[in-house]
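Read the structure below first, then the notes.
The values are calculated or read from the model by the stated rules, or taken from the named source; none is laboratory data. What you see is a predicted model, and the numbers here were worked out from it, not measured in a lab. Please note: Cβ atoms are built from the backbone with ideal geometry, for glycine as well, and neighbour counts cover all protein chains shown.
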């Protein structure tokens, strides 16, 4: 679950989805029953993970994860909020947005966009509903940044990247882009930004997923960095299509990541 620098982002998202499954079982319906009995699934279309304080393997024996969920009034979007709390207070937060789908094939789990069935939607309290769109935080953070030229890394989707439908899982995206960042830094070893890209923990990770990839699909990860080497912009492409856009923001000063955990 941990690197020498921090708890892995993909570990946190995986734990978050386990927490969401517990939320479903406690407040709505178990996830397996949602799929099998209600022919309904959820496809993740975006997430925003932020470290609020440094947190490493040696900072605690355990931490607490809290999950809350809201639904859009039309039942087509679910919005999950994750909060990670250790002995010194909250050290990370995340929001995850899922699009509700109707499953058309129980074997392949092929699906199309839909809304939560009425009886399930009615179980959400008024305070757990929202109208309009979920705020999009990625575009304002990448606009007007002097990004470097693109460098490319190959990506093959293997079963270890996939979930039950043999479709890539969003929890693997942090691992995929971290590999691409480190590959960029190793190739650009003479660039002073390379050391930052290899040795600095992630502070924030924002992603938008626009198209699925399936088992054994071949794709390309293109990577750009800003002038200081503290931000990395990745796009996962297959042919002419962008399947995901991911922004990694790293800590900007060594002082921010040394000396153990601190309160928010």
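Data overview
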item: Evaluation of residue 10 against (1) surrounded by fewer than 20 Cβ atoms within 10 Å (Cβ to Cβ); (2) out of contact with any strand residue (DSSP E or B) (no Cβ under 9 Å at 6 or more places or on another chain); (3) in a helix (DSSP H, G or I); (4) modelled with pLDDT of 95 or more (one fails), failing number; result: (1)
item: Enumeration of residues in the range 17-31 that are closer than 18 Å to residue 115 by Cα and buried (at least 17 other Cβ atoms within 10 Å of the Cβ); result: 24, 28, 29, 31
item: Lone qualifier among 34, 116, 49 - being buried (at least 16 other Cβ atoms within 10 Å of the Cβ) and in a strand (DSSP E or B); result: 49
item: Every residue from the range 53-79 that is touching a helix residue (DSSP H, G or I) at 6+ places or on another chain (Cβ under 8 Å), modelled with pLDDT of 95 or more and crowded, with 19+ Cβ neighbours inside 10 Å; result: 67, 71, 75
item: Near pairs, Cβ below 7 angstrom, 6+ apart or cross-chain, from the range 161-180 (more than 13 Å from residue 207 (Cα to Cα)) to any residue that is in a helix (DSSP H, G or I); result: 161/172; 168/161
item: Any hit, the range 205-221, residues being on the phi < 0 side of the Ramachandran plot, surrounded by fewer than 20 Cβ atoms within 10 Å (Cβ to Cβ) and out of contact with any strand residue (DSSP E or B) (no Cβ under 9 Å at 6 or more places or on another chain); result: no
item: Qualifying residue in the range 168-189 (condition: assigned to a strand (DSSP E or B) and either touching a helix residue (DSSP H, G or I) at 6+ places or on another chain (Cβ under 8 Å) or modelled with pLDDT under 95 (or both)); result: yes
item: Of all residues making up the range 153-166, the number that are more than 15 Å from the chain's Cα centre (by Cα) and either surrounded by 14 or more Cβ atoms within 10 Å (Cβ to Cβ) or at positive phi (or both); result: 5
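Every residue, every condition in (1) surrounded by 11 or more Cβ atoms within 10 Å (Cβ to Cβ); (2) touching a residue at least 24 places away in the same chain (Cβ under 8 Å); (3) touching a strand residue (DSSP E or B) at 6+ places or on another chain (Cβ under 8 Å); (4) part of a strand (DSSP E or B), yes or no:
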residue: 85; (1), (2), (3), (4): yes, no, yes, yes
residue: 99; (1), (2), (3), (4): yes, yes, yes, yes
residue: 112; (1), (2), (3), (4): no, no, yes, yes
residue: 120; (1), (2), (3), (4): yes, yes, yes, no
